[in-house]
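The values are calculated or read from the model by the stated rules, or taken from the named source; none is laboratory data. Just so we're clear, the structure is a prediction, and the values are computed from it rather than from any experiment. A quick note on method: Cβ atoms are made from the backbone with ideal geometry, for glycine too, and the neighbour counts reach across all protein chains shown.
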């Protein structure tokens, strides 16, 4: 059965897939463009990069595709408001935000006619987001990569939020790596679509270093661990020598913070530096965020083929009247 479209505000994605907005410089226009061209919502990771650079990347994406382009900006960023306004000025279609909860963002969205998509990990925040005016809500569960807002698995968390959200699309996120799981979340649990991040790291178009992708390809289940982020949240990543150093009690803090990018930071280490190190190839000294099921992936594919596989597998089992 053919998958339904995903409508958020006035925008329609013909394939109900949102590509996760992975920062820093993991999800750029290079990835968002082919995702949008293949019918999904392509997302640029907007956290931790300068406003002018973000605007340039958004404009590049908007010029290259008629598909839907979003930006993901963490509320935990010190420059949250400035990045939001820079994105709107650059012509972004919608804004996705999590890692904290902003009430003001909904007013900004209404004033500029830009849909706001909230990432939540609890029924209470989901209910609040819908009440405040979210155009869609992403339920991000324990299996997600990067910063985690809950330890509750997706198939336990999603039903509790489905009960309290009825007016806007509800998107399932966390550990979904194939079309069969996508169809399951839509059929059995009532999701309107899924958000996928880790699978797109292993795409030809994702602009991270080959060393970053190789870390994914080599990862075993036991290599995927939880770490404490200076943001003040737990994160999920692939174990690297840097993480081993932290576990061994080595002082990995930076001598001086160069970015001052977070509203609250433990300064245990510079997350911006460590994420960028991996993106550019220095995995030994870097942080490689990933989802809980990243170890199950074993191939790098074009975005077009990833979409084809997801849609083919999902539609082979999807039941429209479920």
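Structure summary
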{"read-out": "Where residue 166 falls short, out of the listed (1) at pLDDT below 95; (2) within 13 Å of residue 314 (Cβ to Cβ)", "value": "(2)"}
{"read-out": "Close pairs (9 angstrom Cβ cut-off, 6 or more residues apart or separate chains): within 23 Å of residue 309 (Cβ to Cβ) and assigned by TED's automatic domain parsing to the domain that holds residue 274 in the range 36-52, surrounded by fewer than 24 Cβ atoms within 10 Å (Cβ to Cβ) and at pLDDT below 95 anywhere", "value": "none"}
{"read-out": "Hits in the range 192-239 (condition: in a loop (DSSP other than H, G, I, E, B), within 14 Å of the chain's Cα centre (by Cα) and closer than 25 Å to residue 100 by Cβ)", "value": "197"}
{"read-out": "Filter result (in contact with a strand residue (DSSP E or B) (Cβ under 8 Å, 6 or more places away or on another chain) and outside any loop (DSSP other than H, G, I, E, B)) within the range 272-318", "value": "275, 278, 288, 289, 294, 295, 301, 303, 306, 307, 309, 310"}
{"read-out": "Subset of the range 159-176 [surrounded by fewer than 24 Cβ atoms within 10 Å (Cβ to Cβ) and within 28 Å of residue 230 (Cα to Cα)]", "value": "175"}
{"read-out": "Failed item, numbered, when residue 185 is tested on (1) in contact with a strand residue (DSSP E or B) (Cβ under 8 Å, 6 or more places away or on another chain); (2) free of Cβ contacts under 8 Å to residues at least 12 places away in the same chain", "value": "(2)"}
{"read-out": "Residue within the range 266-279 that is surrounded by 14 or more Cβ atoms within 10 Å (Cβ to Cβ), in contact (Cβ under 8 Å) with a residue 60 or more places away in the chain, over 18 Å from the mean Cα position of the chain (by Cα) and over 30 Å from residue 37 (Cα atoms) present", "value": "no"}
{"read-out": "For residue 107: the one exception among (1) in contact with a helix residue (DSSP H, G or I) (Cβ under 7 Å, 6 or more places away or on another chain); (2) within 24 Å of residue 11 (Cα to Cα)", "value": "(1)"}
{"read-out": "The range 128-142 - residue that is in contact with a helix residue (DSSP H, G or I) (Cβ under 6 Å, 6 or more places away or on another chain) and buried (at least 22 other Cβ atoms within 10 Å of the Cβ) and, of those, farthest from residue 104 (Cα to Cα)", "value": "141"}
{"read-out": "Hits in the range 170-182 - residues which are in contact with a strand residue (DSSP E or B) (Cβ under 9 Å, 6 or more places away or on another chain) and over 17 Å from residue 1 (Cβ atoms)", "value": "170, 171, 172, 173, 174, 176, 177"}
{"read-out": "Selected residue (criterion: nearest to residue 5 (Cα to Cα)) from residues of the range 152-169 that are in contact with a strand residue (DSSP E or B) (Cβ under 9 Å, 6 or more places away or on another chain) and in a loop (DSSP other than H, G, I, E, B)", "value": "169"}
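This table checks each residue for (1) assigned to a loop (DSSP other than H, G, I, E, B); (2) in contact with a strand residue (DSSP E or B) (Cβ under 9 Å, 6 or more places away or on another chain); (3) free of Cβ contacts under 8 Å to residues at least 24 places away in the same chain; (4) closer than 17 Å to residue 9 by Cα.
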{"site": "114", "(1), (2), (3), (4)": "yes, yes, no, yes"}
{"site": "117", "(1), (2), (3), (4)": "no, yes, no, yes"}
{"site": "124", "(1), (2), (3), (4)": "no, no, yes, no"}
{"site": "131", "(1), (2), (3), (4)": "no, no, yes, yes"}
{"site": "138", "(1), (2), (3), (4)": "no, yes, no, yes"}
{"site": "143", "(1), (2), (3), (4)": "yes, yes, no, no"}
{"site": "147", "(1), (2), (3), (4)": "no, yes, no, no"}
{"site": "150", "(1), (2), (3), (4)": "yes, yes, no, no"}
